[in-house]
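Notes follow once the structure below has been shown.
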Amino acid sequence: MDSFDLVIRGGTVVTASETSRCDVGIRDGRIAALADRLPAGSREIDAGGRLVLPGGIDSHVHIDQPSGDETVMADDFLSGTRSAAAGGNTTVIPFALQHKGQSLRAAVSDYHARAEGKCLIDYSFHLIVSDPNEQTLGQDLPALVNDGYTSFKVFMTYDDLKLNDREMLEVFDVARREGALVMVHAENYDAIRYMTERLERAGHTEPYFHGTSRPAPVEREATHRAITFAELVDVPIMIVHVSSGDAVEQIRWAQSRGLKIYGETCPQYLVLTAEDLRGLNMEGAKYVCSPPPRDPESQDACWQGLANGTFTTYSSDHCPFRYDSPAGKKRKGERTAFRWVPNGIPGIETRLPILFSEGVVKGKIDLQQFVALTSTNHARMYGLAGRKGTISVGADADIAIWDPELRRPIRQENLHHGADYTPYEGMEITGWPTTVIVRGGIVVEDGAVVGQPGHGTFLKRDLSPFAKPRGKTWLPG
């Protein structure tokens, strides 16, 4: 047998389907062998007492995304992928945002330029469709899907991103024809505007009232409407960052009827609540995201959705802004009301430790579910199966070695993102990744980031088998 470049020896290897004690042999960036007592490698890692898991795939992150106003995102692709790696991730899929009046091609080119040479881990792009004009729907979107950008996101809220019902249907129709998977941000734009204006007239402008302006019925209605459109057109969709029991119920209802409706939730909906937005002055702005954190009952519903399979993926929705900055969360002058606070919180580095500690350690999910929800299902859902998301011969050697008993609190001073705070400050965590390997190259060693910018490569993705229509449509012909 040829020698190995690297052997991970004596660890407990965990995939989405099984757990075994074996060595992992890596050659030319791929997993070459799984067996007891492999021959020596050029380099070896003793993983005794550790868990050897597929590297995390965070399929919902925002990095270096321009907003069109004075707001500045805290992470570029260097700090964003460095932070992701430190948290046990080996692949991220951020968004290439199309601004109104911009072609999708131009948006993709811009993001490639932003990412080129900076990434420590592998990456791909989802598209965000905000301007579904004739060129977008008839030319750019089909061509980009064919080029390996096989998923895209649409918004049902935000002034500069929302699509109306007709536009949603037109975009869904293109997705069905081209075999792309659609991600949906489901909140009712007009209801949020109505609630926001009523709150402002009553003088309720503090960050806490961000959550009040978009209560669970706003998410429930939009989720049901998106499901209805998906059924009408016969296109599978992913409802992203689900926060409430009401929305979980809608997704479960659709799934029980055989509809291809998938769900995703995030750490903020498992461990934060609306009470976190009550901080004095603008402190509550640190927790402003959409949908907002809700209540313990919503947390329980999201945990149940992870455990019973309603949710296919668990992502961070990492969207980082600095707090103490006029270009970030802590606005000055006239724009201090909650409506002006940038939506989004950092979480790319803490996503996996939070789920491991709160989920696996506390018995809410098992190790196989952890791997599926954080890695394997992302690869399957977004056209990376076979290459990413598993530990099997022939797959990329993307591996995170975990110390399941390492205990320490989350502290901003120990994180690697570009934000100046973490919403999870002080949270006690059991279980941390200590070594992270991307295509056979060590990017995190003994907890320290040692990878170099440019090691990460761009991934063209296959069409997702999850995006295949049921074959039952209400459309004529």
**Message:** 5 Å is the cut-off here: which amide hydrogens, built 1.01 Å from N in the peptide plane, fall below it relative to Lys153, excluding neighbours closer than 5 in sequence?
**Reply:** Leu127, Ile128, Val129, Met183
**Request:** List, in order, the whole-Hz ³J(HN,Hα) value for each residue of segment 33-41 obtained from phi through the Karplus relation with A = 6.51, B = -1.76, C = 1.60 and θ = phi - 60°; use x for Gly and Pro.
**Result:** 7, 10, 6, 6, 6, 5, x, 5, x
**Cα radius of gyration and Dmax for segment 147-259 (Å)** = 15.2, 51
**Request:** Only helices at least 15 Å long along their axis, Cα-based, and averaging -1.0 or more on Kyte-Doolittle count here, so list those DSSP H runs from the chain.
**Result:** 104-115, 165-178, 216-233, 245-256, 296-308
**Request:** Quick one: compute a quarter of the convex hull surface over the Cα atoms of the chain and quote it in nm².
**Result:** 21.5 nm²
**Asked** ³J(HN,Hα) across segment 265-280 via Karplus (A = 6.51, B = -1.76, C = 1.60, θ = phi - 60°), whole Hz, x for Gly/Pro?
**Response** 10, 9, x, 4, 8, 9, 10, 9, 9, 4, 4, 5, 7, 7, x, 5
**Request:** Please give every one of the lysines within straight-line cross-link reach of Lys472, meaning a C-alpha to C-alpha distance under 28 Å, and leave out same-chain neighbours fewer than 8 residues apart.
**Result:** Lys153, Lys162, Lys260
**Request:** For the chain, build the charge dipole from Cβ charges (+1 Lys, Arg; -1 Asp, Glu) around the Cα centre, then report which of Ala180, Thr136, Ser244 sits farthest towards its positive end.
**Result:** Ala180
**Request:** For segment 360-431, with all protein chains present and a 1.4 Å probe, just round the carbon and sulfur fraction of the accessible area to a whole percent.
**Result:** 45 percent
**Request:** Note the full-extension length gain between Leu169 and Thr457 as 0.36 nm times their separation in residues minus their Cα-Cα distance, in nm to one decimal.
**Result:** 100.3 nm
**Message:** Accessible area of segment 89-152 with a 1.4 Å probe: how many percent of it is carbon plus sulfur?
**Reply:** 43 percent
**Prompt:** So how exposed is His99, as accessible area in Å² (1.4 Å probe, rounded to 10)?
**Reply:** 60 Å²
**the chain: antiparallel DSSP beta bridges as a percent of all, rounded to 5** = 45 percent
**Complete:** With all protein chains present, segment 210-358 has a carbon and sulfur share of its accessible area (1.4 Å probe) in percent of 48 percent
**Complete:** Expressed per residue, the solvent accessible area of segment 149-254 in Å² (1.4 Å probe) is about 36 Å²
**Request:** Leaving ligands, DNA and RNA out of it, work out the accessible area of Thr223 with a 1.4 Å probe and give it in Å² to the nearest 10.
**Result:** 0 Å²
**Vicinal HN-Hα couplings computed from phi for segment 443-448 (Karplus, 6.51 cos²θ - 1.76 cosθ + 1.60; Hz; Gly/Pro x)** = 10, 9, 9, 6, x, 9
**Message:** Tell me the relative contact order for segment 199-334 as a rounded percent, counting alpha carbon contacts under 8 Å between residues six or more apart.
**Reply:** 27 percent
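The values are calculated or read from the model by the stated rules, or taken from the named source; none is laboratory data. Just so it is clear, the model here is predicted, and its values are computed rather than measured. We place every Cβ from the backbone using ideal geometry, glycine too, and count neighbours over all the protein chains shown. We work out accessible area using only protein heavy atoms, side chains counted, and drop any ligands, DNA or RNA first. Shrake-Rupley method; radii C 1.70, N 1.55, O 1.52, S 1.80 Å.
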